[in-house]
1. Among the residues of segment 129-163, write down those that are crowded, with 22+ Cβ neighbours inside 10 Å and in contact with a strand residue (DSSP E or B) (Cβ under 9 Å, 6 or more places away or on another chain).
2. Which one of Leu190, Leu170 is over 30 Å from Glu285 (Cα atoms) and in a helix (DSSP H, G or I)?
3. Pick from segment 175-213 the residues that are among the aliphatic types (A, V, I, L, M) and at pLDDT below 95: which of them is nearest to Tyr263 (Cα to Cα)?
4. Hey, does segment 251-258 have a residue that's more than 30 Å from Gly353 (Cβ to Cβ) and free of Cβ contacts under 8 Å to residues at least 40 places away in the same chain?
5. Considering Asp100, Asp85, Asp35, which residue is within 29 Å of Leu149 (Cα to Cα) and either of a type in the set (Val, Ile, Thr) or not in a helix (DSSP H, G or I) (or both)?
6. Restricting attention to segment 38-57, and to residues there that are of a type in the set (D, E, K, R) and outside any loop (DSSP other than H, G, I, E, B), which single residue is surrounded by the most Cβ atoms within 10 Å (Cβ to Cβ)?
7. Output the residues belonging to segment 241-295 that are among the aliphatic types (A, V, I, L, M), in a loop (DSSP other than H, G, I, E, B), at pLDDT 85 or above and exposed (fewer than 14 other Cβ atoms within 10 Å of the Cβ).
8. Leu110 is checked against (1) crowded, with 21+ Cβ neighbours inside 10 Å; (2) closer than 25 Å to Ser26 by Cβ; (3) at pLDDT 95 or above and fails just one. What number does that condition carry?
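The values are calculated or read from the model by the stated rules, or taken from the named source; none is laboratory data. This structure is a prediction, so every number in the text was calculated from the model and none was measured. Glycine gets a Cβ as well: all are built from the backbone with ideal geometry, and neighbour counts include every protein chain shown.
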Amino acid sequence: MYGDYLARGLDALFRDSSEKGFWLDSESRILKQLDLSIEDGVFRWTSDETLEYRYGPMGLMGALYWRKSTLGSPDYDSQMAAYLDFLTHKISPEQGVRGDRSAFNHAIVLAALALGALSLPDGTPGVKKGSLVAATVALFRHCRERWPLSALRDNQGLLLLFAYTLVYELLAGRDARELREELARCTRYLCGMQSPEGVFQTGDKRYVYHQRMMYPLWGLTRAISIFSESEEKHVLLGHVERTLDFVIRERKTWDAGFYWHPYVWTYPTRNVYIPWWVNANPRKERYYECHQCFFVYAAEQYRRAGGRHDYSEEVISALNWIFKTNRRGTDLVEETGIGVPLRVVVGRTGRIGDRDSLFKGAYEVGAYIMALTDIAERE
């Protein structure tokens, strides 16, 4: 079952944009998104060719994660190689990804480059392994200098820890000792920033958003498996459990969908006179397909790191929300007609998203492929 959905997701990602896919052949890259309009109940998809470094690179990251897995095949190597070459030409040792200032975006591009160097075999047409590794190392050094993890106030940027674990894997046996020590420092820092409930209070005003709890776990689980041993490992994995348990207990709803965030929450400030402030967002009841996948991937990486708690039931129910148990009572993949799920459903009845959500982003497809890869490997 999951293998079939995975194959369809990969096909959508690399199908030409003229055929309602995400591949822009004229520029050898993955599109940002497909925009959706609905006329008399008929879905119409159009390409958004905006050049950016979040959506498309995360689609590539997901595909390369699959390529590196036991399920991977060379079917899309030429397209992945072409997009990697496109990205390496956007890297500068001084500027990082030229024209982009986001730590989160840099983390995604760095992860994609590292996965490319790890997954595509030597001799793959279009792959210049030396140039790819050099670009990866240059971007890693830029990110480490520009965004110390302890200085980040946007939890999405903590995806850098995930990217660093991939760089470590790439460099292992060469220049990785210092990086291994840094992974340990970053892990202990994040665990220290975790509240008793399981959220990461780094100063991010939106720390309660679902993705801002999940991205730190992606890096934590992989980093813990790299540098820690025996009982220390399970103490640190206990911090991962704390967040997963919080999300299951506080965010999982009657149909196994995770809501995005509460309507109102408080966050700590640096003002000694006003130590806490209030934030609010009325869009609590948006249920994103990618949020299900963020949870699935985090829980599966916890399992692979040696976690003792069994989250299998929660993982499968989170994933099956996409295909059958969601509040719309439909298969969200079949609804779109393009091989990947609807982006979001809203409210108790699961109506299709508001006007600003009528699209399908390539970054969601990347997360979907990663989650399906992990589960399909278990089938």
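1. Selection gives Ala135, Thr136, Leu139, Cys143, Asn155, Leu158.
2. Answer to the selection: Leu170.
3. Checked segment 175-213; the qualifying residue nearest to Tyr263 (Cα to Cα) is Val208.
4. no
5. Answer to the check: Asp100.
6. Checked segment 38-57; the qualifying residue surrounded by the most Cβ atoms within 10 Å (Cβ to Cβ) is Asp48.
7. To start, the set of residues in segment 241-295 that are among the aliphatic types (A, V, I, L, M) comprises 244, 247-248, 256, 264, 272, 274, 278, 280.
Narrowing further to those that are in a loop (DSSP other than H, G, I, E, B): 256, 272, 274.
Checking the rest, the ones that are also at pLDDT 85 or above come to 256.
Matches in segment 241-295: none.
8. (2)
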